[in-house]
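The values are calculated or read from the model by the stated rules, or taken from the named source; none is laboratory data. Just so we're clear, the structure is a prediction, and the values are computed from it rather than from any experiment. Note that we place each Cβ from the backbone using ideal geometry, even for glycine, and neighbour counts take in every protein chain shown.
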Amino acid sequence: MGYYHLGCEVDLKVPRGEQALTGNVRRAFIGREGWEPREISLGNLAGRGKDYAGAKAEESQGVIMHKRKLCGSCYTRTEVGTEIREWVAANGWFEKVIKRTENGAVTANLSGISCETKGKLDWKW
């Protein structure tokens, strides 16, 4: 058994300030080592915008996770009496949520970073 690997084709022309709201991933793929990647559905990328509408945005000067400093933005909003904070990484990390808290308790956290390996999927393009 092996791990599944995800690959993304991103649009680098989307302005940085809009990436967390509209997304910049054009296509996504999944595969396993030795398999040809298969394209998977992304869902409604524009739907994320409503999550951040009215949220207070602050620049994050860096969250240290897995021996790396990840900069970006922190969005704070309140839903049904629960304060939700989401840290969105920038600088080449594809504007993804790396940490989420609800009323101060961590509910999601980046589990690992690996940039030192070769690609594991059999890309044909």
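Being modelled with pLDDT of 65 or more, exposed (fewer than 14 other Cβ atoms within 10 Å of the Cβ) and part of a loop (DSSP other than H, G, I, E, B) narrows it down to one residue among 43, 34; which is it? Exactly one residue qualifies, and that residue is 34. The number of residues in the stretch 93-125 that are part of a strand (DSSP E or B) and at pLDDT 85 or above comes to 9.
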